[in-house]
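*Asks:* One structure is given below, represented as structure tokens, and several questions about it will come after.
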Amino acid sequence: SFAYFTIKDRLPQILTRVIDTLHRHKNEFFEEHGEKGVEAEKRAISFLSKLRNELQTDKPVTPLEDELPDAVLWNQYLDYQRNLPNGSGEPSWFQSPWLYVECYMYRRIHAALAQNPPIDNFDVFKEGKAQSFFESQEAIIALCTYFQELLKNIKDLDEKQLQEELFKLLQVSLWGNKCDLSFSAGEDSSQKSSPLQSLENMIPYILVNDMEKVWSLLVNAKKNRTERSNIRVDIILDNAGFELVSDLVLADFLLSSKLADEVYFHGKSIPWYVSDTTKHDFNWTIKQLGSANHMWMSRCGINWEGNLKKGVWVFHDHMFWTLPHDFSSMSEVAPDLYAELQKSNLLLFKGDLNYRKLTGDRKWEYSFSFHQALNKFHPAPLCSLRTLKSDTQVGLKPGQGEQIQASESEWMVSGKYGVVQFDAGL
């Protein structure tokens, strides 16, 4: 399975890159922190080398020994895995649910640094995220230019035109999800060309296309809103770099077209899955745009700083997003986050990992219902914007998955296909 290939090949590659990154920053640690920095770097590398060895030799998964606030929840989850009625008793790297051990590896990478001050705040993935952003410059310029031109006459657009623009930007945000560094084990995955030119040709690759449902939900909310009721959209972010910019443009469009009054962004509280967006990445990206020497890029960045200052954009991170749990257990494990999401009119879940957690990462029949796969996770109406990079997919028409499988054996993991999959909730 793709899971086996991921654990056997991709994860050790990612660990090797992390070790290499720390090694390359040795002088910087010395300049900033003296001998203490170098000692911390050595300890972190030794911790990570040991981790890589445990992974490659299929050792049992061990409890976390750090004092970080989520350690208790991780260790409870390990006990839960140990006691699964159909499990093999002691979870090990190759004898456990893929989602669990993959999340566990990233949490251990975090521990390697968090336990070794003074380099405990170093993000081992930061360079790759920045590089991906700079290598996507052309696409970012094209998107910002398109959007700023659109804003000039957004007030004059009729409903049909607004709908067309929403669909375009939803698709840009969907295909922006191809730019994923954990998927390419950290190799270049930037967006080189203008994302807007190829949208028409990409429509056949959207296997579930519920954009109409998203539109009607937002338009009805807009028609029924009162003075006191704000329309709120939440975006559960995935990758930094080009994908994040495409999400920010979509969010700005929702505000500018009055389809939403406020947008909440949910990111990761620790570096995660190589290219996932942390608060630092979020703020850094907006700053980079604001200070760019391109008129429309900087206009976007400056406007977005303004949205944050005015409070119509809010960034949230919560440790639940970096736990191994399916979202169906959010109401128990993180009731505060679940209650927060219940305030939303629409939740947009970006990317593959969020999809795996929405559907429990199981090998469902392709035509199994999305609503049922969510397993009672219904804080608010939700939509998944995801390009397929792992072998779980639900909600297809009968025979649809089998038909593609017959001609393309890699269709579920190539990132070539996508879904805009909506669930109205209860």
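*Asks:* Restrict the search to the range 217-294; then list the trypsin sites (Lys or Arg not before Pro) that DSSP places in a loop and that have at most 12 other Cβ atoms within 10 Å of their Cβ.
*Replies:* Listed in order of number, the matching sites are Arg228.
*Asks:* Quick one: among Gly415, Gly360, Gly89, which has the greatest mean-square fluctuation in a GNM of the chain with alpha-carbon springs under 10 angstrom?
*Replies:* Among Gly415, Gly360, Gly89, the largest GNM mean-square fluctuation belongs to Gly89.
*Asks:* Need the list of lysines near Lys223 for cross-linking: C-alpha distance under 18 angstrom, and skip anything on the same chain fewer than eight residues off.
*Replies:* Counting by Cα, and skipping residues close in sequence, Lys223 has these lysines nearby: Lys155, Lys160, Lys213, Lys258.
*Asks:* Would you mind telling me which residue in Asn345, Asn220, Asn230 has the biggest mean-square fluctuation in a Gaussian network model of the chain, where springs connect alpha carbons within a distance under 10 angstrom?
*Replies:* Sorting by GNM fluctuation, first place goes to Asn220.
*Asks:* Now for a different question. As a test, work out the antiparallel percent of DSSP beta bridges whose residues both lie in the chain, rounded to the nearest 5.
*Replies:* 25
*Asks:* Let me ask you something else. I'd like the FRET efficiency for Gln137 and Asn201, computed as 1/(1 + (r/R0)^6) with the beta carbon distance as r and R0 of 30 Å, rounded to 0.05.
*Replies:* About 0.85, to the nearest 0.05.
*Asks:* Starting from the Cα-Cα distance between Glu410 and Val72, subtract it from 0.36 nm times their residue separation and give me the gain in nm to one decimal.
*Replies:* 117.9 nm
*Asks:* Here's another thing I want to ask about it. Work out how much length Asn86 to Phe30 would gain on full extension: take 0.36 nm times their residue separation and subtract the Cα-Cα distance, in nm to one decimal.
*Replies:* Residue separation times 0.36 nm, minus the Cα-Cα distance, leaves 15.2 nm.
*Asks:* Counting alpha carbon pairs within less than 8 Å and at least 6 residues apart, what relative contact order, in whole percent, applies to the chain?
*Replies:* 16
*Asks:* With a/c under 1.5 counting as rounded, go ahead and sort the range 186-277 into rounded, prolate or oblate using the C-alpha gyration tensor (a ≥ b ≥ c being the square roots of the eigenvalues; past the cut-off, prolate if a/b is larger than b/c, else oblate).
*Replies:* oblate
*Asks:* Indicate the gyration tensor shape class of the range 126-423 (rounded, prolate or oblate), computed on the Cα atoms with a ≥ b ≥ c the square roots of the eigenvalues: a/c under 1.5 is rounded; otherwise a/b larger than b/c is prolate and the rest oblate.
*Replies:* rounded
*Asks:* Sticking with this structure for a sec: Quick check: with the 1.4 Å probe, what order do Tyr264, Tyr355 take by accessible area, largest first?
*Replies:* Ranked from most to least accessible, the order is Tyr264, Tyr355.
*Asks:* Angle between the Cα long axis of helix 126-135 and the longest principal axis of the chain, 0 to 90 degrees, nearest 10?
*Replies:* It works out to around 40 degrees.
*Asks:* Another question, if that's okay. Which residue fluctuates most in the GNM of the chain (Cα springs below 10 Å): Ser46, Ser390, Ser344?
*Replies:* Ser46
*Asks:* I would also like to ask the following. Please list, in order along the range 297-302, the HN-Hα scalar couplings obtained from phi with the Karplus expression 6.51 cos²θ - 1.76 cosθ + 1.60 (θ = phi - 60°), rounded to whole Hz, x for Gly and Pro.
*Replies:* Result, ordered by residue: 5, 5, 4, 4, x, 5 Hz.
*Asks:* I've got another one for you. Report, to the nearest 10°, how far helix 279-290 tilts away from the longest principal axis of the Cα atoms in the chain, using its own Cα long axis and a range of 0 to 90°.
*Replies:* On a 0 to 90 degree scale, this one is about 50.
*Asks:* How large, in percent, is the carbon and sulfur part of the accessible surface of the range 188-283 at a probe radius of 1.4 Å?
*Replies:* Here it works out to 46 percent.
*Asks:* Would you mind getting the accessible area per residue of the chain, heavy atoms of the protein chains only, 1.4 Å probe, in Å²?
*Replies:* 43
*Asks:* Would you mind calculating the gained length between Ala424 and Asp120 on full extension (0.36 nm times residue separation, minus the Cα-Cα distance), in nm to one decimal?
*Replies:* Extending this stretch completely gives an extra 105.3 nm.
*Asks:* By how many degrees, 0 to 90 and rounded to 10, does the Cα axis of helix 11-24 deviate from the longest principal axis of the chain?
*Replies:* So the helix axis and the longest Cα principal axis differ by about 80 degrees.
*Asks:* Quick one: pull the percent of accessible area on the range 1-104 belonging to carbon and sulfur, 1.4 Å probe, ligands and nucleic acids left out.
*Replies:* 52
The values are calculated or read from the model by the stated rules, or taken from the named source; none is laboratory data. Because the structure is predicted, anything quoted here is derived from the model rather than measured. We place every Cβ from the backbone using ideal geometry, glycine too, and count neighbours over all the protein chains shown. Heads up: the accessible areas ignore ligands, DNA and RNA and are worked out on the full protein's heavy atoms, side chains in. Shrake-Rupley method; radii C 1.70, N 1.55, O 1.52, S 1.80 Å.
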